[in-house]
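S.K.: So that we are looking at the same thing, I have put the structure below in C-alpha cells.
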Amino acid sequence: MNMRNQWPVLPIVAGLASGLLTGCGSETGDSGGTGSSVVMGMSDDVLATDPASGYDPGSWLLFNNVFQSLLSFPKGATEPQPDLARQCLFTDTRAMVYKCELKDGLKFSNGDDLTSADVKFSFDRMLKINDPAGPAIMFPMLDKVETPDAKTAIFHLKVPDATFPSKIASGAGSIVDHRQYDANGLRTDHQAVGSGPYKLDSFDKDQAVFSVNDNYQGDARPKNSGVTLKFFHGDRTALRKALLDGGIDIAYRGLSAADIADLDQQADDKGVEVIDGSSAEVQHLVFNMKDPVAGKAGVRKAMAYLIDRDALIRDVYQGTATPLYSIIPAGVAGHNTAFFDTYGARPSRDKAAAALRADGITGKVKLTLWSTPSRYGPATDQELKAIAGQLNASGLFEADVQSVAYDQYEKDIAAGKYGVYVKGWVPDYPDADNFTAPFFGKGNVLNNNYSNNTITKSLIPDTAAQSDRTATDKDFGRLQDIVADELPVLPVWQAKQYAVVRDGVYGLEYCLDASTVFRFWEISKS
C-alpha cells in the first residue's frame with residue numbers, strides 16, 4: 001500500500017518462530033461473545049478515513065471494517081467472493097469486461113440506499129482525485145464504469161486483467177455514499193459513511209471508536225459490540241505497558257521481536273497469549289541502478305553473495321521472520337527460489353570478490369545503506385547495521401548506515417539520492433501480480449531506474465491476462481529469474497503476523513492471514 005510515494009507496508013509486527021508458541025488462540029468464545037467492546041492498540045497511525053486517499057496499513061484496516069467492496073476475501077481465503085455483489089463475472093473471453101450485480105436492500109450506515117450509482121461514483125471519484133497517497137495507481141487498466149440499472153455495474157478495462165476481481169476486493173474497492181462525498185475532493189472531517197459491519201463513531205489523533213452498523217447486509221457476524229483502536233505512534237514501550245496494565249485488550253503491529261519473545265515466555269504469568277498468523281509481508285534492499293556505486297553489477301552481486309539472511313533472522317529478529325529468496329514470497333502461487341539458486345544461502349567471500357573483480361573493482365567498496373527507523377518495523381535500523389557489519393567483515397566493503405525520518409526518506413529516494421535503501425511490502429491482494437507489476441512494470445514504484453523490456457512488454461501483460469492463475473507459474477518463474485540475474489532488488493525476509501492478547505480475548509487467528517484483512521467482527525471478549 002501506497003504504490004506511489006510509499007510502499008504498502010505493514011511494518012513487521014514482530015513474530016516468533018512457530019515452535020516457540022504454545023498456542024495460537026484457536027479457542028473461540030461463544031458465537032455471540034459477551035457483546036463486550038474491545039480495545040486494541042497498534043503502533044501505526046491511520047493516515048486517512050477517505051478511501052480515495054488512504055493507501056497505508058492503518059487506513060486499510062479502517063476501510064475493511066467500515067466499508068464494503070463488491071467482493072471480499074473471507075477468512076483464510078485467497079480468492080475473492082461476493083460481498084455487496086450477488087455475483088460478478090467477466091462477460092468476455094479476454095478479461096476486459098467485468099459485470100457485477102448487486103444484492104437487494106443494500107444500505108449505508110446512515111440509512112441511504114446503496115446502488116450501482118454509488119459503485120460508479122466511488123471508482124470515478126477515486127480516479128479523478130488521483131491522490132498521490134491513494135489507491136488510484138492500482139487501476140490504470142480501468143477505462144469506464146457503466147450502470148445500465150440500479151443493481152448492475154459494468155467495468156470496461158483498457159487491457160486484459162484477470163486480477164481485477166482481487167483488486168476491487170481490496171480496500172481500494174471501498175464503496176462510498178455519493179450523497180456524502182465530494183466527487184472532486186477528499187473528505188477532511190475525519191468522518192466516514194460506509195456499509196461495512198462497523199461504523200466510525202469518532203476519530204482523532206489518539207484513537208478511533210467503532211460500533212456495530214445495524215444497517216449492514218453481509219456475512220460478517222460481529223462478536224463484540226464495538227472496537228476502540230488506540231494509536232501509539234510508534235511507541236512500542238507504551239504499547240507493551242498498556243497491554244500488561246490492562247489499558248488495551250490486544251497489541252497489534254509494533255511490538256519488537258524481543259517484546260514478543262519475552263511475552264511468549266512469560267505468557268502464563270502475565271495473563272497474555274501470543275497469536276500468530278500467516279503473512280505475505282516481505283522486505284527488500286533496493287538498488288538505484290544509476291548510482292555510481294550500487295549501479296555496478298559487481299557490487300550488487302557481491303552483496304548478494306555476502307548477506308547472511310539466517311544470521312539476520314537469528315540475531316536481529318529472534319526467529320520472527322524467515323529468509324526470503326525471491327520477490328514472490330512463499331505461500332503465493334508462482335513463488336520460486338531464484339536468489340537461492342543463483343547466490344546460495346551461505347555467504348561466499350570468494351564469489352563476492354570474484355564478482356567485484358569481474359567488474360573491474362579492486363579496492364574496498366565504500367557504500368551507505370539508507371534506512372528509516374520505524375516505517376518498515378522497529379528493528380530496521382538494527383538490521384541495516386547488521387548487514388553493513390556482514391559486508392565489512394568480508395574485507396571487501398566499507399559500509400555505513402544512515403537513518404532518515406520517513407517523509408524525508410521518500411523525498412530523497414524520489415530524487416535519486418540513495419544508492420541502496422530498504423523497502424517493505426504487504427500485498428493489496430494475494431497474487432504474484434502484486435509482487436511484480438508494481439515493482440517492475442511501467443511507472444514502477446521503486447524509483448530505482450530499473451526497466452526490463454521482457455518483463456514490461458511480455459511477462460507482466462501476459463500474466464495479467466491469464467484467467468487461469470496456475471497457468472502463470474512459468475512466466476512468473478522467468479520473471480523472478482531475470483530479477484535475480486539483474487539484481488535491481490535483493491529480497492531479505494518474509495514475515496508472519498502477530499498479535500498479543502489478554503486472557504479472555506478470542507478470534508485473532510481469523511484476523512491474521514495472507515489476505516491482510518483484519519476482521520474486527522471475529523474478535524470476542526469474555
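Each reported figure results from applying straightforward, stated rules to the coordinates on display, with no laboratory input. Values in this document were obtained by computation on a predicted structure and should not be read as measured data. Note that each Cβ is placed from the backbone with ideal geometry, even for glycine, and that neighbours are counted across all protein chains shown.
S.K.: Can you list the aspartates and glutamates whose alpha carbon is less than 16 Å from that of Lys290, not counting same-chain residues fewer than 8 positions off?
M.R.: Asp359, Asp412, Glu486
S.K.: Let me ask you something else. Structure shown: which of Lys158/Lys457; Lys270/Lys423; Lys167/Lys301; Lys120/Lys230; Lys75/Lys270; Lys366/Lys423 lie over 23 Å apart, alpha-carbon to alpha-carbon? Please report the intermediate quantities before stating the final value.
M.R.: Values: Lys158/Lys457 15 Å; Lys270/Lys423 35 Å; Lys167/Lys301 35 Å; Lys120/Lys230 33 Å; Lys75/Lys270 29 Å; Lys366/Lys423 21 Å.
Beyond 23 Å: Lys270/Lys423; Lys167/Lys301; Lys120/Lys230; Lys75/Lys270.
S.K.: Relative contact order of the chain, please, whole-number percent, based on alpha carbon pairs below 8 angstrom and at least 6 residues apart.
M.R.: Values: 1248 pairs, mean separation 130.8, N = 526.
Relative contact order for the chain comes out at 25 percent.
S.K.: Name the residue farthest towards the positive end of the dipole of the chain from the options Ile327, Tyr181, Leu229, assuming +1 on Cβ of Lys and Arg, -1 on Cβ of Asp and Glu, about the Cα centre.
M.R.: After comparing all options, I get Ile327.
S.K.: On a C-alpha basis, how far is the centre of the stretch 107-170 from the centre of the stretch 441-520 in Å? Whole number, if you could?
M.R.: Spelled out, the Cα-based centre of one part sits 23 Å from the other.
S.K.: Going toward the positive end of the dipole of the chain, with +1 on Lys and Arg Cβ and -1 on Asp and Glu Cβ, which of Ser166, Phe476, Ala432 do you reach last?
M.R.: Checking the options against the dipole of the chain, the answer is Phe476.
S.K.: Tell me which residues come under 5 Å, amide H to amide H, from Phe397 once H is placed; ignore anything under 5 positions away on its chain.
M.R.: Amide H neighbours of Phe397: Val365.
S.K.: Please go through the residue pairs Lys151/Lys205; Lys107/Lys442; Lys351/Lys385; Lys205/Lys417; Lys199/Lys442 and name each one whose alpha carbons sit more than 29 Å apart in this structure.
M.R.: On the way: Lys151/Lys205 38 Å; Lys107/Lys442 39 Å; Lys351/Lys385 22 Å; Lys205/Lys417 32 Å; Lys199/Lys442 38 Å.
In this structure, Lys151/Lys205; Lys107/Lys442; Lys205/Lys417; Lys199/Lys442 lie more than 29 Å apart at Cα.
S.K.: Could you give me the ³J(HN,Hα) list for the stretch 96-108, computed from phi with Karplus coefficients 6.51, -1.76, 1.60 and θ = phi - 60°, whole Hz, x at Gly and Pro?
M.R.: 10, 10, 10, 10, 10, 10, 7, 6, 7, x, 6, 9, 7
S.K.: Additional query: Of the listed values (1) 22.5; (2) 30.8; (3) 27.3, identify the label whose number matches mean projected area of the Cα convex hull in nm² calculated from this model.
M.R.: The listed entry that was calculated here is (1).
S.K.: Normalised by the residues of the stretch 62-188, what does the relative contact order come to in percent, with Cα pairs under 8 Å and at least six apart? Can you show the working numbers first?
M.R.: Working: 214 pairs, mean separation 40.0, N = 127.
With pairs under 8 Å counted, the relative contact order is 31 percent.
S.K.: Would you please give the residues with an amide H less than 5 Å from that of Lys107, counting only those at least 5 places away or on a separate chain, with H modeled from the backbone geometry?
M.R.: Amide H neighbours of Lys107, under 5 Å, 5+ apart: Leu114, Gln217.
S.K.: Roughly how many whole Å is it from the C-alpha centroid of the stretch 68-96 to that of the stretch 307-362?
M.R.: 37 Å
S.K.: Using the Cα centre of the chain as the reference point, and only Cβ charges (+1 on K/R, -1 on D/E), how large is the resulting charge dipole? Debye, rounded to the nearest 20.
M.R.: For this selection, approximately 1320 debye.
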